[in-house]
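See structure below.
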Amino acid sequence: MGFREEIKEARGIRDEAESTVTTIMHDVRMGKSLVKERMEKTVDNIVRSIFRNRDAITSLANLKRYDAYTFTHCVNVSIFSIALGRHLGLRREDLFKLGVGAILHDIGKMLIPEGLLNKPGAYNEAELSLMKQHALLGADFLSAARFIALESIHAAGEHHERYDGSGYPAGLAGETIHFFARITGIADVYDAMTSNRIYQKAIMPTDTLKFMYTRRKIHFGPELVEKFIQCMGIYPIGSLVELSNGDIGLIKSVNRSDLIHPMVSVVLDRHKRPCRRPLDIDLATENKRRIIKAVDPEIYAVTVESINP
Ligand SMILES: [Fe+2]
């Protein structure tokens, strides 16, 4: 299905998913158990949307809404995890298990006293160690539900483990961290960094990916981070970007050794007038201009044909 047709569908799925997560989280806080059907239908809908067109629901997850961070975040982590899983070639049933673990990754937070969870300012050491319990509490809660697959429980229980062993709760390292937990961890960090929160302003997706890339050996493993950047395709070949001096460029090719500094072909100048002869710039070596945002190609009616051959 095309991007435009899927986007309408995806918007409905995203809104429904947020309402499902809100209900689940409130239920858990009230001491109720997890309801299987609605949660499974929600994840299945996300998986289906990504199979029809992976860019539609992912682009919605990138267009942040700032009202209810926690619940939007759970849905976004599920969307980004499933998108990455699909990019890695996981089977549909595995994507479903991954999506369930990802959408419920922070469910353990509902078992932590609300006063602590919403405490303004920094945590002291004792509070921090209690907060860190949420991964384990979540995994225990999901195990007790009985219908949750073991892979989903791993994703929730290990999403704060880090590749170099610096994470929590168990300090697992490398491949001993469940693969689904590593995917969920990447999606969690990406969405958290690119969202506005009380104590942190949103960071541009490009800068977030750049940060994650520099930490690739420490946090998630280099291969998976590279796959995530490829998958997100923030600046895919043929898309338009605005440069810091106002020029509009088309992504001409991706530098494999430096994925967030592609080669662009400047097709419109800073006044948005067509360049007579498009100028190619390698952003890996260019230090005067950088990409500031992706722009809608329909606004400028530029096509891939404009690239300097
Ligand atoms: Fe978490």
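Each reported figure results from applying straightforward, stated rules to the coordinates on display, with no laboratory input. Just so it is clear, the model here is predicted, and its values are computed rather than measured. Glycine gets a Cβ as well: all are built from the backbone with ideal geometry, and neighbour counts include every protein chain shown.
For the range 44-161, a crude dipole built from +1 on the beta carbon of Lys and Arg and -1 on the beta carbon of Asp and Glu, taken about the Cα centre, is about 520 debye to the nearest 20. Every Cα-Cα pair of the chain was included, and the share exceeding 29 Å stands at 39 percent.
Here's how it looks for Leu268: its modeled amide H is under 5 Å from those of Ile248, Cys275, which are all 5 or more places away or on a different chain. Can you flag which of Lys252/Lys272; Lys41/Lys293; Lys201/Lys227 are past 28 Å Cα-Cα? Going by Cα-Cα distance, Lys41/Lys293 fall outside the 28 Å limit. When trypsin sites (Lys or Arg not before Pro) are flagged only if DSSP places them in a loop and at most 10 other Cβ atoms lie within 10 Å, the longest unflagged stretch of the chain comes out as 1-90. Split the chain at each of the chymotrypsin sites (Phe, Trp or Tyr not before Pro) in a DSSP loop with at most 12 other beta carbon atoms within 10 Å, and the longest piece is 200-309.
Per residue, the average separation of C-alpha pairs within less than 8 Å and at least 6 apart gives the chain a relative contact order of 11 percent. Taking the alpha-carbon centroid of each part, what is the distance from the range 107-134 to the range 1-50 in angstrom? Taking the Cα centre of each part, the range 107-134 and the range 1-50 sit 26 Å apart.
Remark: the chain carries a charge dipole of roughly 540 debye about the Cα centre, counting +1 on each Lys and Arg Cβ and -1 on each Asp and Glu Cβ.
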